[in-house]
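Visitor: Can you read through this structure? Questions will come right after.
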Amino acid sequence: MSERDKELAALMLQLTGLDLTTADGRAGAGCILREIEAKAPGALARLRSACTTRGATAH
């Protein structure tokens, strides 16, 4: 695993500890998601596509 992959994985893991019921938690999640997208453009779209393909999303 490359250093960039490790850094992105660490950022994604930070999302699990956020309380999305608070404004601060939602702001933090947005900040982390923007950082992930800046470091790896298209990463979030690929992740969503992979989850949809596996039936892991509930829309």
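Visitor: Quick one: in segment 8-56, which of the residues that are among the polar types (S, T, N, Q) and surrounded by 10 or more Cβ atoms within 10 Å (Cβ to Cβ) is modelled with the highest pLDDT?
Guide: Taking the candidates together, the pick is THR22.
Visitor: Another question, if that's okay. Taking ARG34, is it of a type in the set (Lys, Arg) and under 11 Å from the mean Cα position of the chain (by Cα)?
Guide: yes
Visitor: Another question, if that's okay. Restricting to segment 16-43, and then to whatever is assigned to a helix (DSSP H, G or I) and acidic (Asp, Glu), can you tell me which residue is farthest from LYS6 (Cα to Cα)?
Guide: Across segment 16-43, the extreme among qualifying residues is ASP24.
The values are calculated or read from the model by the stated rules, or taken from the named source; none is laboratory data. Model, not experiment: these values are computed from the prediction. Here the Cβ is made from the backbone with ideal geometry for all residues, glycine too, and neighbour counts use every protein chain on show.
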